[in-house]
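Here the structure comes first, spelled out in structure tokens, and everything after it is commentary.
The values are calculated or read from the model by the stated rules, or taken from the named source; none is laboratory data. All values reported here derive from a predicted model rather than from experimental measurement. Cβ sites come from the backbone with ideal geometry, for glycine too, and all protein chains shown count toward neighbours. Note: areas computed on protein heavy atoms with side chains; ligands, DNA, RNA excluded. Shrake-Rupley method; radii C 1.70, N 1.55, O 1.52, S 1.80 Å.
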Amino acid sequence: MATIKDVAKLAGVSASTASRVLHDNSMISEATKIKVRQAMEELNYSPNYSAQNLVKRDSNMVGIVLPVRENHESLGNNPFFMQIIQGISSVCTDHNFMVSLATGRNESELLKNVETLIRSGNIRRLIFLYAKKDDPVFEAIQREQISCVVVGQPYSEPSPWVTFVDNDNSRAGEDATRFLLEKGYKNLVYAYTDMAELVQSNRFEGYCCAMEKAGLTPKCLHLPRQDGGNNQVRLEEYLSKEVVQGFVIIDDMLALRLQKLLVGLGKVPSDYAMISFNNSLMTELANPSLTSVDVFPYQLGELAARQLVSPKAEQGKLVINHKIIERSSSKGPEAK
């Protein structure tokens, strides 16, 4: 296996110069950098980051903190998280960083896993893929003054160690609701899983704003992720009491579950307008295909990673725009 000395010898420079090129030192000329990098490629040189980390007491690792899920399948099969992790990984790879994941079935388990990640790998850069008020995991990280990016709405006092990357979820919720209202639907219900997650409460605020501007009463339907078979009962009871023409749904996963619940009740999903969020592949496979708000998770991941590994990182809150992608589930009432 080639060493940095082998690279230096082939490039005709000192080992210290080759090492500085590896770390993209601005004092090294571009011509020398090209020569050393060509030698690295020719020798198939792979840096020993572990040894470097021991010396620097630092790491070329970025930790990704996933939200608590009692059912891990809901994370592993959720395209939103897969796409955002791909975006993070692409930027980290370009900057010679690696990624490591931390998750848990409850907050205490997640905190333990994050602390282990930090201690074992000297990790000083974290990306939270969720935002939640009074989160003990985030609060513990802040006490350690570890640099982190939160994919979500700001929910803490300004800090030099934290950057927030997000969509304007309140605006997205309002735009999605207005989209169905302009199609002629009036009796719209907001379907959600956990309002403690800020992305869900923010989209609900936008939904309420659009409904109130139209002179309509906001309504919501709670369909927990861990339903124990009770969500079908909840939906049946709700539909027996309320006139419902359509749903604004927190994400594509819940929209698919809602379609399945309707079928289980002997109802036709196409009889209800639906718009969801994330615009994942499953929206085209649904029946009917789902109109969805694209929040561009891959770009969210890229932007989040750049704040930690790029020397030109921005500060404060950074926003990625959204876009409504129309499909069959939002045809106007006259088309039903």
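The S120 and L285 beta-carbon pair, evaluated with R₀ = 56 Å, returns a calculated FRET efficiency of approximately 0.90.
Summary of packing: across the peptides 252-261, 271-280, the per-residue average of other C-beta atoms within 10 Å ranks them, highest first, as 271-280, 252-261. Highest-first packing order for the peptide set 213-221, 295-303 is 295-303, 213-221, based on the mean count of other beta carbon atoms within 10 Å. The H on the amide N of C220, modeled in the peptide plane, is under 5 Å from the matching H of Y190, each at least 5 residues off or on a different chain. Straight-line cross-link partners of K5 among the lysines, defined as a Cα under 18 Å from its Cα and at least 8 positions apart when in the same chain: K33, K35.
Among K133/K323; K112/K132; K186/K241; K132/K317; K267/K323; K133/K260, which pairs are too far apart, with a Cα-Cα distance over 23 Å? K133/K323; K267/K323; K133/K260, as the Cα separations exceed 23 Å there. Peptides 31-41, 166-176, 11-21, ordered by how many other C-beta atoms sit within 10 Å of their residues on average, highest first, read 166-176, 11-21, 31-41.
Across segment 246-263, computed HN-Hα scalar couplings (Karplus, 6.51 cos²θ - 1.76 cosθ + 1.60, θ = phi - 60°) run x, 10, 9, 10, 4, 7, 5, 4, 5, 4, 5, 4, 5, 4, 5, 5, 4, 4 Hz from first to last residue, x flagging Gly and Pro.
Solvent-accessible surface of the chain, averaged per residue with a 1.4 angstrom probe and all protein chains in place: 49 square angstrom. Nearest 0.05, what FRET efficiency do D271 and D94 give at R0 = 41 Å with Cβ-Cβ as r? E(calc), rounded to 0.05, equals 0.30. Annotation: the antiparallel percentage among DSSP beta bridges lying fully within segment 82-200 is about 10.
For E182 and S310, the FRET efficiency from 1/(1 + (r/R0)^6), where r spans their Cβ atoms and R0 equals 41 Å, is about 0.55.
Going by the alpha-carbon gyration tensor, a ≥ b ≥ c the square roots of its eigenvalues, is segment 183-249 rounded (a/c under 1.5) or, if a/c is not under 1.5, prolate (a/b greater than b/c) versus oblate? Because a/c hits 1.5 or more and a/b fails to exceed b/c, segment 183-249 counts as oblate. Working note: Debye formula, equal point scatterers on the alpha-carbon atoms of segment 75-224, no solvent; log10 I(q)/I(0) at q = 0.12, 0.14, 0.19, 0.21 Å⁻¹ is -0.62, -0.80, -1.21, -1.37.
In this simple spin-label model, placing a label point 7 Å from the Cα along the Cα-to-Cβ direction at both Q226 and E144 gives a separation of 2.6 nm. Cα gyration tensor of the chain, axes a ≥ b ≥ c as square roots of the eigenvalues: rounded (a/c below 1.5), prolate (a/b > b/c) or oblate? It is prolate, given that a/c is not under 1.5 and a/b is the larger ratio.
With each label modelled as a point 7 angstrom along the Cα→C-beta vector, the M82-N44 pair spans 3.1 nm. Full extension of the segment from N321 to T217, taken as 0.36 nm per residue of separation minus the current Cα-Cα distance, would add 34.7 nm. Bridges between two residues of segment 174-311, per DSSP, are antiparallel at a rate of about 0%. Using just its DSSP H runs of length 4 or more, each adding -39500 (n - 2.57), the chain gives a mean residue ellipticity at 222 nm of -13500 deg cm²/dmol after division by all residues.
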